[in-house]
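Colleague: Before anything else, here's the structure in question.
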Amino acid sequence: MSVTPVPSWPRPANLPAVVNQRTSGRSRFGQSGVSEALRRFTDEFPFERGPILEFAIGVAEATPPGASVLDLGAGNAPYRELFAHTDYRTNDWSQSEHLGAEAADIIGSADELPVADASFDLVLCTQVLEHTAEPAATLGECFRVLVSGGRIALTVPLLWELHELPHDYFRYTGPGLTHLLTKAGFVDLDVRPRSDGFSAIAQLTRNLAWAMGEANDGLNDRRAQARELLLELSQALGAMAPLDTRLILPLGYTAQARKP
């Protein structure tokens, strides 16, 4: 797969190479071999979920067959199929709004997992940390349940609307995420922006098209016109993705790190 590397903190040599591509709104699904269901899931928020899918694919490809994997806060576990070659387990808590969470293998809060020490080779945590009121405690639990040499792979938002209220607590910068992971005891950190600024604004423009809602105020026709314009703007902005050289306005970050 041909990808365009993006600037990042230096990648430690002993971590698998997971390079985030700049996206114009769609990942290269045809080359990834993912299911139609996962394609549809990603297409709901293409600029947001496209890079997350690319990251998850890279993490899965770097995970050996039979490795024990915990998908933390998995919800409906959209990336389950990528880890079919592993001993894959899901976690969520009893208050999750995702229907699939009821079938999680491990029910429990992310900051107090009912799991023995050193139980997993990999903890996958995609778009979960913003929903934990105590992120340091959550990362501490991830560290505890990993074997020595085990990895954590996570994604977090920097720009996104309020969601899953009232449990939406934080947004993260790269240095902030680096600080939390380091404080939890992780080493060999690889923290990267997962979108350019144009893709970020393109996705937020799409989100605003529905987030503004409707009201009984006689303005819904104008809102419908605004939605059309916002979607057109989104496409135009997404096409400008290669112009961003600094990547200081991403939708969020990916991170990998290792337990010593």
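Just so you know, all these numbers are worked out from the coordinates, no wet-lab data involved. Nothing here was measured: the structure is a model prediction, and the numbers come from that model. No Cβ is skipped: glycine too gets one built from the backbone with ideal geometry, and neighbour counts run over all protein chains shown.
Colleague: Once you have the Cα-Cα distance between His163 and Asp43, take 0.36 nm times their residue separation minus that, and quote the gain in nm to one decimal.
Modeller: 41.4 nm
Colleague: Would you order Trp160, Trp210 from fewest to most other beta-carbon atoms within 10 Å of each residue's own beta-carbon?
Modeller: Trp210, Trp160
Colleague: Next question. Would you please name the GluC sites (Glu not before Pro) within segment 153-243 that are DSSP coil residues with at most 14 other C-beta atoms within 10 Å of their C-beta?
Modeller: Qualifying residues, ordered by number: Glu161, Glu164, Glu214.
Colleague: Another question, then. Within a Cβ distance under 11 Å of Glu130, other residues only, what is the Lys/Arg minus Asp/Glu net charge?
Modeller: Combined, the nearby Lys, Arg, Asp and Glu give -1.
Colleague: Out of these labelled values of Rg/Rh (Cα atoms, Kirkwood Rh), [x] 0.97; [y] 1.06; [z] 0.94, which was calculated from the coordinates shown here?
Modeller: [x]
Colleague: Could I ask something else about it? Would you work out the charge dipole size for segment 156-260 about its Cα centre, treating the Cβ of every Lys and Arg as +1 and the Cβ of every Asp and Glu as -1, and quote it to the nearest 20 debye?
Modeller: For segment 156-260, the charge dipole is close to 480 debye.
Colleague: To the nearest 20 Debye, how big is the dipole of the chain about its Cα centre, given +1 on the beta carbon of each Lys and Arg and -1 on that of each Asp and Glu?
Modeller: For this selection, approximately 940 debye.
Colleague: Shifting gears a bit: Taking neighbour Cβ counts within 10 Å as the exposure measure, how do Arg192, Arg246, Arg80, Arg89 sort from fewest upward?
Modeller: Arg246, Arg80, Arg89, Arg192
Colleague: Right, here's the next one. Under the rule of at least 5 residues apart or a separate chain, name every residue whose amide H is placed under 5 Å from the amide H of Asp71.
Modeller: Correct list: Arg89, Thr90, Asn91, Leu124.
Colleague: Pairing the Cα long axis of helix 220-238 with the longest principal axis of the chain, what angle in degrees results, from 0 to 90 and rounded to the nearest 10?
Modeller: Roughly 60 degrees, rounded to the nearest 10.
Colleague: Something else: Do the sum for the chain: with -39,500 (n - 2.57) for every DSSP H run of n ≥ 4, divided by all residues, what is the mean residue ellipticity at 222 nm, to the nearest 500 deg cm²/dmol?
Modeller: -10000 deg cm²/dmol
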